[in-house]
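The structure appears below as structure tokens.
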Amino acid sequence: MSQIKILTIIGARPQIIKAAALSRAIRTSYSDKIIEVIVHTGQHYDDNMSKVFFEELEIPEPNYNLNVGSGNHGSQTAAMLVGIEEILVNEKPNCIVLYGDTNSTLAGAIAASKIHIPVVHIEAGLRSFNKSMPEEINRIICDHISTILFTPTLAGLENLKKEGFRTNNLPPYSCDNPVVYHCGDVMLDNSLYFATVAEQRTTILKDLQLEQGNYVLTTIHRNNNTDDSIRLNSLFGALNKISKENDTTIVIPLHPRTSKLLPKNLSISLFDEIKRNKKIKIISPVSFLEMIVLEKNSKLIMTDSGGVQKEAFFFKKPCIILRSETEWVELVACGSASVVDADEIKIHDSYNYFSQNFDLKYPEIFGNGRASEFICEKVLLHIH
């Protein structure tokens, strides 16, 4: 059988992690059938947010790095479009593989579709039903110009059906006649694979003097939370109150952007309180393996990250979602997560609820941990 060439686009930390699962499957089971060319757009350019992940997750060094960096949506996406199109023309891959919903995803989808290279979208069908989020626009556009769509959940499959995608299309497949698969979640593949490795390779619990099952892990990075002083004050006000009332340690690996915005967007009094509060540990961004250990050993997780919501579920931890909606509606339906937005009272009430309710359900809604192998098989079946 002749080999096919896939061009994988990554740009943000979560995509690098997701790509690890597919790269590992290719390396261990499909190296004679699939050549993978990796393009890093450089959307996240901090070494802590990117380079370290390649080393930790055993991902090959990117074949290309566009070094786009941060910027407004228009200039960032435009620079990616130019760079990705040039690489596609030179490499002539059989398809482009895209993850999730970032500007890198959008640029890859548009560049490939314009020159008729099939788009394979992993994490298709996810919807927040909030088009004021740039991620929602990106994921919808990518889905609707994809040839193969892999959705991690049955809810994602239903969303695609409602938007007119048919599940009974026959080959040959194209963006006008796409094929949709419910495949499970590549992040579950990673979490299962790395859970044991992580605890052997990192000493973060000891370094931070954390007791297993006796701290809250919190991540805050979305623009609408970090850039809005009212929302940011509500979030940190709630964290400050919870830590004091419950004598609870709260660990916050802080995104570089958020770190810079805290003194600017928090009230002077709250910022001073946070600095003096020994129960709130604000730390630099952590590696993927360190994050897994922090998640696995926490008692509860608060986050505005889609990926961290799922990882909380994988490790059977209750999750308080610091957004007005979630793409992972199944988590809320199971009762293991609650959507509280940046509402100080709801955050507080949700924390109290999960602190008193331990009989939570975590059914297998994200597959069996072999989504990457499934994706490889279907790509080989349909892409020529």
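See the values below:
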item	result
Residue check, P171 assigned by TED's automatic domain parsing to the domain that holds A124 and crowded, with 21+ Cβ neighbours inside 10 Å	no
Candidate set: segment 159-182, residues that are without any contact (Cβ under 8 Å) to a residue 24 or more places away in the chain and assigned to a helix (DSSP H, G or I); chosen: the one nearest to S372 (Cα to Cα)	K161
K299 touching a residue at least 12 places away in the same chain (Cβ under 8 Å) and surrounded by 23 or more Cβ atoms within 10 Å (Cβ to Cβ)	no
Conditions (1) of a type in the set (G, A, S); (2) farther than 20 Å from A155 by Cβ; (3) not assigned by TED's automatic domain parsing to the domain that holds D228: number failed by A371	(2)
Answer from I59, I84, I96 - the residue that is crowded, with 20+ Cβ neighbours inside 10 Å, modelled with pLDDT under 90 and not acidic (D, E)	I59
Output for segment 123-142, where each listed residue is buried (at least 24 other Cβ atoms within 10 Å of the Cβ) and farther than 18 Å from M80 by Cβ	E123, A124, G125, L126
Yes/no for K260 being of a type outside the set (D, E) and either at pLDDT below 95 or in contact with an Asp or Glu (Cβ under 7 Å, 6 or more places away or on another chain) (or both)	yes
In segment 276-312, the residues that are among the charged types (D, E, K, R), assigned to a helix (DSSP H, G or I) and either modelled with pLDDT under 95 or under 20 Å from the mean Cα position of the chain (by Cα) (or both)	E290, E295, K296, K310, E311
Residue check, G184 surrounded by fewer than 17 Cβ atoms within 10 Å (Cβ to Cβ), farther than 20 Å from A12 by Cβ and not charged (D, E, K, R)	no
Residue match in segment 224-235 (condition: under 17 Å from S350 (Cα atoms) and not charged (D, E, K, R))	yes
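The values are calculated or read from the model by the stated rules, or taken from the named source; none is laboratory data. Computed from a prediction, not measured in an experiment: that's the story for all the values here. Cβ sites come from the backbone with ideal geometry, for glycine too, and all protein chains shown count toward neighbours.
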